[in-house]
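The values are calculated or read from the model by the stated rules, or taken from the named source; none is laboratory data. Model, not experiment: these values are computed from the prediction. Cβ placement follows ideal geometry from the backbone for every residue including glycine, while neighbour counts extend to all protein chains displayed. Keep in mind that these areas ignore ligands, DNA and RNA; they rest on the heavy atoms of the full protein, side chains included. Shrake-Rupley method; radii C 1.70, N 1.55, O 1.52, S 1.80 Å.
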Amino acid sequence: MSSLADKRLLLGISGGIAAYKSADLVRRLKDRGAQVRVVMSAGAREFVQPLTFQALSGNPVHTDLLDPAAEAAMGHIELAKWAELILIAPASAQVMAKLACGMADDLLTTLCLASEAPVALAPAMNQAMWRHPATAVNAQTLRERGVQLWGPAAGSQACGDVGPGRMLEPADLAQQAESLLSGSSDCLRGKSVVITAGPTREALDPVRYLSNHSSGKMGFALAEAAQRAGAQVTLIAGPVNLATPAQVKRVDVVDARDMRAAAERAADLCDIFIGAAAVADFRPATMAEQKIKKREGCDESAIALVKNPDIVAGIAARSQRRPFTVGFAAETQQVEHYAQDKLQRKNLDMIIANDVSSTNSGFNSDRNAVTVIDRHSSTHLPQALKADLARQLIEIIAAKAQP
Ligand code: C5P
């Protein structure tokens with residue numbers, strides 16, 4: 001039986017072109033067994049007719065706060081109490097702004113204030129609107145208040161722009177709803193978890209560095225999932241452009257040596273250490289104090305490199321205060337073979353192997369597919385959103401890390 005069977009899901013639709021995709025979302029939620037009631041803002045009704053959602057959900061669509069007919073049947077307070085999850089998809093910049101400051105000037109925003117159900121938003125807007133500092137502050141305020149933000153994805157937009165702001169696909173949203181409602185587990189209650197994430201930057205001179213394409217998304221998703229599973233989380237982040245998950249302690253670092261120092265300090269008191277960072281293997285042997293200049297007649301140049309410390313291997317080599325230690329293996333070929341080798345060589349308890357050769361998975365993508373390998377078993381987790389994968393990984397890590 002689907003884990004959305006008979007779950008009561010209130011789908012809020014705000015104004016945006018992505019509203020047409022919400023019709024597919026209703027179908028997918030219904031296919032998974034959910035009871036769906038739809039609330040549309042005035043803006044949403046400019047894009048899609050309520051009748052579409054009435055036909056798909058099998059329930060009347062709610063539009064007005066002060067509707068005598070609705071109050072006789074299911075008024076806003078009953079709706080607020082009925083919902084087990086409020087999902088707003090698409091969530092416009094406007095609805096996010098209203099929710100961030102607690103406004104209740106229409107049915108949808110009033111419901112969000114009146115309900116004790118979890119609220120999830122699937123933001124959808126023009127990339128400049130998403131990047132605007134006002135929206136960024138609103139998003140962070142909502143996150144800190146426990147509202148889940150699913151997406152947005154990056155890519156080409158209906159307006160012709162390219163960038164972040166696309167609503168996640170209906171199948172992904174339905175999967176997120178299912179994961180959330182299938183019961184948030186407490187599997188890390190009382191545990192302390194340290195996670196490294198993102199790239200490191202190894203300075204060559206005051207203006208140049210060596211680095212890699214890691215976005216940090218997987219490590220941040222793991223931090224959020226671990227926190228939701230009850231852990232106290234310290235996230236040691238290289239230079240990334242990501243918001244800190246709610247109630248996670250973040251330590252920002254730049255290069256591998258800073259990251260190691262922060263990791264060693266934090267690991268002293270932790271139960272689980274997850275090395276999700278893409279640490280630069282080498283750094284320039286020296287950092288020039290001034291910007292390196294081109295030299296007349298010199299068409300070639302070489303940079304001497306020295307090896308960086310292996311952070312995760314250092315933690316796993318401890319004889320005392322050694323946490324359950326998990327590493328990542330991002331490979332472009334013979335993924336499992338190299339991952340097994342790394343597991344042994346670095347003395348890890350578990351390694352999460354992913355294939356970064358494909359462009360729609362792995363580095364800098366919102367999705368990933370991984371194989372989890374420990375000394376006794378290997379489990380493949382098929383491609384999913386990193387947030388969803390993170391939840392599955394945290395469950396597996398929590399089960400294996402039991403003393
Ligand atoms: O050897 P490789 O870089 O492929 O190993 C990847 C794993 O090792 C990841 O968990 C990464 O965070 C960790 N690592 C590290 N310090 C390094 C290099 C990798 O912690 N210098």
**Asked** If you go through region 251-263, how many residues are in a helix (DSSP H, G or I) and within 11 Å of the ligand (Cβ to nearest atom)?
**Response** 5
**Prompt:** What number of residues within region 84-102 are part of a strand (DSSP E or B) and at positive phi?
**Reply:** 0
**Prompt:** Applying the selection to region 325-345, what residues are in contact with a helix residue (DSSP H, G or I) (Cβ under 7 Å, 6 or more places away or on another chain) and either more than 10 Å from the ligand (Cβ to nearest atom) or not hydroxyl-bearing (Ser, Thr, Tyr) (or both)?
**Reply:** Val326, Gly327, Ala329, Glu331
**Request:** Taking the options Gln157, Gln127, name whichever one is surrounded by 18 or more Cβ atoms within 10 Å (Cβ to Cβ), out of contact with any helix residue (DSSP H, G or I) (no Cβ under 7 Å at 6 or more places or on another chain) and free of Cβ contacts under 8 Å to residues at least 60 places away in the same chain.
**Result:** Gln127
**Prompt:** Which one is farthest from Leu210 (Cα to Cα) among residues in region 265-286 that are loosely packed, with under 15 Cβ neighbours inside 10 Å and in contact (Cβ under 8 Å) with a residue 24 or more places away in the chain?
**Reply:** Leu269
**Item:** So Leu348, is it within 13 Å of the ligand (Cβ to nearest atom) and crowded, with 19+ Cβ neighbours inside 10 Å
**Value:** yes
**Prompt:** If you check Arg131 against the conditions, is it over 28 Å from Arg27 (Cβ atoms) and in contact with a Pro (Cβ under 9 Å, 6 or more places away or on another chain)?
**Reply:** yes
**Request:** Given the conditions (1) touching a helix residue (DSSP H, G or I) at 6+ places or on another chain (Cβ under 9 Å); (2) of a type outside the set (Asp, Glu); (3) closer than 14 Å to Gly165 by Cβ, report the number of the one that Thr109 does not fulfil.
**Result:** (3)
**Residue among Leu79, Leu66 that is crowded, with 21+ Cβ neighbours inside 10 Å, at pLDDT below 95, out of contact with any Ser or Thr (no Cβ under 7 Å at 6 or more places or on another chain) and not hydroxyl-bearing (Ser, Thr, Tyr)** = Leu79
**Message:** I'd like the residue in region 322-339 that is open to solvent by 40 Å² or more (accessible area, probe 1.4 Å) and modelled with pLDDT of 95 or more and, out of all such residues, is nearest to Ile236 (Cα to Cα).
**Reply:** Phe328
**Asked** If you take the residues of region 172-186 that are touching a helix residue (DSSP H, G or I) at 6+ places or on another chain (Cβ under 7 Å) and open to solvent by 40 Å² or more (accessible area, probe 1.4 Å), which of them is farthest from Leu11 (Cα to Cα)?
**Response** Ser184
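Yes or no, residue by residue, for (1) more than 15 Å from the ligand (Cβ to nearest atom); (2) surrounded by fewer than 22 Cβ atoms within 10 Å (Cβ to Cβ):
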site	(1), (2)
Arg201	no, yes
Leu204	yes, yes
Asn212	no, yes
Met218	no, no
Ala231	yes, no
Ala243	yes, yes
**Message:** List the residue pairs whose Cβ atoms are under 7 Å apart, where the first residue sits in region 316-332 and is at positive phi, the second is part of a loop (DSSP other than H, G, I, E, B) and more than 8 Å from the ligand (Cβ to nearest atom), and the two are 6 or more positions apart or on different chains.
**Reply:** Arg321/Asp268
**Prompt:** If you take the residues in region 17-62 that are of a type in the set (Val, Ile, Thr) and assigned to a helix (DSSP H, G or I), which one is least open to solvent (accessible area, probe 1.4 Å)?
**Reply:** Val26
**Message:** Given the condition modelled with pLDDT under 85 and not acidic (Asp, Glu), answer yes or no: does some residue in region 366-379 qualify?
**Reply:** yes
**Asked** Which ones in region 287-313 are within 16 Å of the ligand (Cβ to nearest atom) and either open to solvent by less than 90 Å² (accessible area, probe 1.4 Å) or over 30 Å from Thr325 (Cα atoms) (or both)?
**Response** Leu305, Val306, Asn308, Pro309, Asp310, Ile311, Val312, Ala313
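Here's the yes/no breakdown for (1) surrounded by fewer than 22 Cβ atoms within 10 Å (Cβ to Cβ); (2) closer than 23 Å to Arg322 by Cβ; (3) outside the structural domain of Gln232 (by TED's automatic domain parsing):
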residue	(1), (2), (3)
Arg375	yes, yes, no
Leu381	yes, no, no
Ala384	yes, no, no
Leu393	no, yes, no
